[in-house]
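Have a look at the structure below, then the notes.
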């Protein structure tokens, strides 16, 4: 079995390839939603993205193929899908623009904390359960809202459940972001305290 340092430097692993394919689907999704407005295909692509989101993490653990690249690709793919979906749905007037602004704003807020971590020698904080729960809610919300852009009982129900998932997802997304910020503050304070006593 390879040692930890060798394992984490791998690039061409099955989970990483799945993440790369998932990333390649982001522009395809935008084209489907904004170009021909093929919502059924766009929904199918989102479903595949959701399945592969679970699959790459599962395979990384199962095949012992965890890697530094995989730890970056997975959340980046999640963020890009969320960004692509909110921009696409906002441009189609399916969701209001405040939703398309408030989600990327949280990511900008967190990216602003990265330099402080890097200065102390940390690469990133571990993924928190709340962040995963928020992403789960949002990845369910937006396909439902896309499905709700129509007439009939199914569209009405999809819109109701979609907005329920969306509000929970947005709330959890920001709650997780504030929790990350608190963790960064605590980490930096602990690091400074240890440095002062050494």
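The values are calculated or read from the model by the stated rules, or taken from the named source; none is laboratory data. Since the structure is predicted, the reported quantities are computational estimates derived from the model, not experimental observations. Heads up, the Cβs are rebuilt from the backbone with ideal geometry, glycines too, and the neighbour counts pull from every protein chain shown.
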Report summary line: Checked 97, 111, 12 against criteria (closer than 30 Å to residue 155 by Cα and without any contact (Cβ under 8 Å) to a residue 12 or more places away in the chain); the one match is 97
**Report entry** From 110, 117, 139, residue being modelled with pLDDT under 85, under 30 Å from residue 40 (Cα atoms) and not assigned by TED's automatic domain parsing to the domain that holds residue 37
**Finding:** 139
Query raised in the report: Taking residue 26, is it farther than 16 Å from residue 87 by Cα and at pLDDT 85 or above?
Result: no
Report task. Collect the residues in the range 148-173 that are closer than 13 Å to residue 133 by Cα and surrounded by fewer than 17 Cβ atoms within 10 Å (Cβ to Cβ), keeping them in residue-number order. Result -> 167, 171
Report summary line: Of the listed residues (49, 77, 24, 42), the one being more than 21 Å from residue 173 (Cβ to Cβ) and crowded, with 20+ Cβ neighbours inside 10 Å is 42
**Report entry** Verdict on residue 142 being in a helix (DSSP H, G or I), farther than 27 Å from residue 17 by Cα and more than 12 Å from the chain's Cα centre (by Cα)
**Finding:** no
Report task. Check residue 67 against each of (1) modelled with pLDDT of 80 or more; (2) more than 16 Å from the chain's Cα centre (by Cα) and name the one condition it does not meet. Result -> (1)
Report summary line: Out of (1) touching a helix residue (DSSP H, G or I) at 6+ places or on another chain (Cβ under 7 Å); (2) surrounded by 16 or more Cβ atoms within 10 Å (Cβ to Cβ), the one residue 136 does not meet is (1)
